Amino acid sequence: MAGVLHIIDAETATDALRQLAAVVAPDDQVVSVGPVDVPREFTVPVQRIHRPLGSAAVEGLAARAPVGQVQLVQAWSVAAAQAGEAIARRKGCEMVVHLPHFPPLRRLDCLAVLASWGNVAVTVPTEACRGRLVAEGLSASIVHVLPPASAAIQDRPALRTRTRRALGVSDEHHLMVAPGALTQQAGHKYACWVFAVLREIRSDVRLLVPGEGPARPSVQYFASTLGYDREIHMPAGRIGLADALAAADVVVSLPTGDDPGVSLAAALVAGLPVVAWATADVQELTGGSRAAALSPVGDVRGASAESLRLLDEPAAAGALASAAAAWAGPRYSVAAAGAALERIRSTLHQGAWA
C-alpha cells in the first residue's frame, strides 16, 4: 500500500512492534518519535526523530511530503497517535491507532479525544477488548478487531538446537517458555511460581523468560527467591521470540491484564502446547479450550497441574499442539491480518477530519 506512514514511540508495546513488523510493506515509512527499545527480531528500517522536537518534527516531516504521498497514518500507541494526528489533519488522510491490549486508564481520555475528531479507526486484538473500549464510551463503529499476526518459524530444528545450546539446556531437559513483554500484569512471576512447583517434582524442567520490560527487575528478584534461579533463564533480550519458541517444549502464558496477543498467537501458530489463564482475551485467542490448556486466572495450582500433565503425557501434549496449529494457522497469519487491515481502512474516508 503506497503512502503509508507508521509512527512508533517509547510507549509502543513489544507486541505492537511485532505486529507492525508482520504487516509493514516494503515501501512503507516507519518513524520513531524519540528512542524506542525494539525486540531483537525487529529488522524494519526506522527513521528516528529525537526529542525535544518530537511531534513538531513529525508534523514538519508531513509538511515537506508532497500532497498525496501520505495516504494513511498508522500509529502504534496512543502517544504516537497524538503525533500522527497532526500529519493526518494536514494531509487529509486516514489514521489507524493500533492497541495491543486494553490501554492504561490514563490514556483512555486521550484516545477518546482522538476518536472524536473523525477519520480515525482503533484496532485491538480481540472482541473482548473491543467490548471494553465500547463500554468506556468509544463508538462501536470505529473500534475494530485486528487479529495478531505471526509467520511460521524458519529453519526451526537448527534454531532450536542453537538456542538451547546457548542456554545450556540439553535435549534431556524440558524447556518451559513464558513469552511476552515483562509488564506488571503479564504474569511472568506466576510463570516462575509454576516452574518452581514443577521443579519440586521433576529435576529435568527449565524455564526461559526471553522478554524485556519495566517489570524485569521485579520478576528477576522474585525468581531469585524460589531457590531455582540458576534454572530460570532471563537473557535480557538476547533471544528473540522465534528463537525462544523454537526451543520450547511447553509455553506458559499467565496474564492478569496485559494479554500477550501476538506472543500467544505466535506460540499457537508454531504448534506448541500452551498452558494459559482464562482471561476473556486469552479465551477468545485460543478458542476456549480448543487450542490451549486453560485454568482460572490466579489458579497457580491448576496451571501447574496442566503443565505437569503435558510434560508427563507426550501424546496429550502432541494432540494439543496439533489443535493449536490448526486453530491459529488460518486465523493469525500475516495474510489474515493484512486482509483485516484493508477492511478496516475501507470504513474510513479521506478528508473527514472535524
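Given Ser295, Ser253, which one is surrounded by fewer than 24 Cβ atoms within 10 Å (Cβ to Cβ) and in contact with a helix residue (DSSP H, G or I) (Cβ under 7 Å, 6 or more places away or on another chain)? Let's see the steps before the verdict.
Values: Ser253 fails: surrounded by fewer than 24 Cβ atoms within 10 Å (Cβ to Cβ).
Within the list Ser295, Ser253, the selection yields Ser295.
Among the residues of the range 297-309, is any within 21 Å of the chain's Cα centre (by Cα) and over 17 Å from Trp193 (Cα atoms)? No, because not a single residue in the range 297-309 is within 21 Å of the chain's Cα centre (by Cα) and over 17 Å from Trp193 (Cα atoms).
Yes or no, residue by residue, for (1) touching a His at 6+ places or on another chain (Cβ under 9 Å); (2) in a strand (DSSP E or B); (3) of a type in the set (A, V, I, L, M, F, W, C); (4) closer than 15 Å to Gly213 by Cβ:
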{"residue": "Leu5", "(1), (2), (3), (4)": "no, yes, yes, no"}
{"residue": "Ile8", "(1), (2), (3), (4)": "no, yes, yes, no"}
{"residue": "Arg40", "(1), (2), (3), (4)": "no, no, no, yes"}
{"residue": "Arg48", "(1), (2), (3), (4)": "no, yes, no, no"}
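Could you say which residue among Ala128, Ala112, Ala121 is crowded, with 20+ Cβ neighbours inside 10 Å and either within 23 Å of the chain's Cα centre (by Cα) or basic (Lys, Arg) (or both)? Show your work before the answer.
Values: Ala128 fails: crowded, with 20+ Cβ neighbours inside 10 Å; Ala112 fails: crowded, with 20+ Cβ neighbours inside 10 Å.
Result of the check over Ala128, Ala112, Ala121: Ala121.
From the list Ala335, Ala326, Ala319, the lone residue that is surrounded by fewer than 22 Cβ atoms within 10 Å (Cβ to Cβ) and closer than 24 Å to Ser141 by Cα is Ala335. Once the range 24-45 is narrowed to residues that are over 25 Å from Asp243 (Cα atoms) and of a type in the set (D, E, K, R), the residue that is surrounded by the fewest Cβ atoms within 10 Å (Cβ to Cβ) is Asp27. Every listed requirement among (1) in a loop (DSSP other than H, G, I, E, B); (2) under 23 Å from Glu11 (Cα atoms); (3) over 15 Å from the mean Cα position of the chain (by Cα) is met by Gly211 save one, (3).
When you go through Leu264, Leu245, Leu285 one by one, which is the residue that is of a type outside the set (Gly, Ala, Ser) and at pLDDT 95 or above? Criteria check complete, one pass: Leu245.
Take Arg160 and decide whether it is within 23 Å of Thr183 (Cβ to Cβ), basic (Lys, Arg) and in contact (Cβ under 8 Å) with a residue 24 or more places away in the chain. Against the criterion (within 23 Å of Thr183 (Cβ to Cβ), basic (Lys, Arg) and in contact (Cβ under 8 Å) with a residue 24 or more places away in the chain), Arg160 does not qualify.
Working carefully through the options Arg230, Arg206, Arg199, find the one that is at pLDDT 90 or above, closer than 21 Å to Gly298 by Cβ, of a type in the set (Lys, Arg) and not in a loop (DSSP other than H, G, I, E, B). If you could, list the steps in order and put the result at the bottom.
On the way: Arg230 fails: closer than 21 Å to Gly298 by Cβ; Arg206 fails: closer than 21 Å to Gly298 by Cβ.
Every option except Arg199 fails the conditions.
Summed over the range 131-152, residues that are surrounded by fewer than 22 Cβ atoms within 10 Å (Cβ to Cβ), among the small types (Gly, Ala, Ser) and assigned to a loop (DSSP other than H, G, I, E, B) total 6. If I ask for residues that are aliphatic (A, V, I, L, M) and either under 24 Å from Arg301 (Cβ atoms) or assigned by TED's automatic domain parsing to the domain that holds Asp15 (or both), which ones from the range 235-259 would you list? Matches in the range 235-259: Ala248, Val250, Val251, Val252, Leu254.
The values are calculated or read from the model by the stated rules, or taken from the named source; none is laboratory data. Keep in mind that what you see is a predicted model, and the values were worked out from it rather than measured. Because the Cβ atoms are built from the backbone with ideal geometry, glycine has one as well, and the counts that use them run over all protein chains shown.
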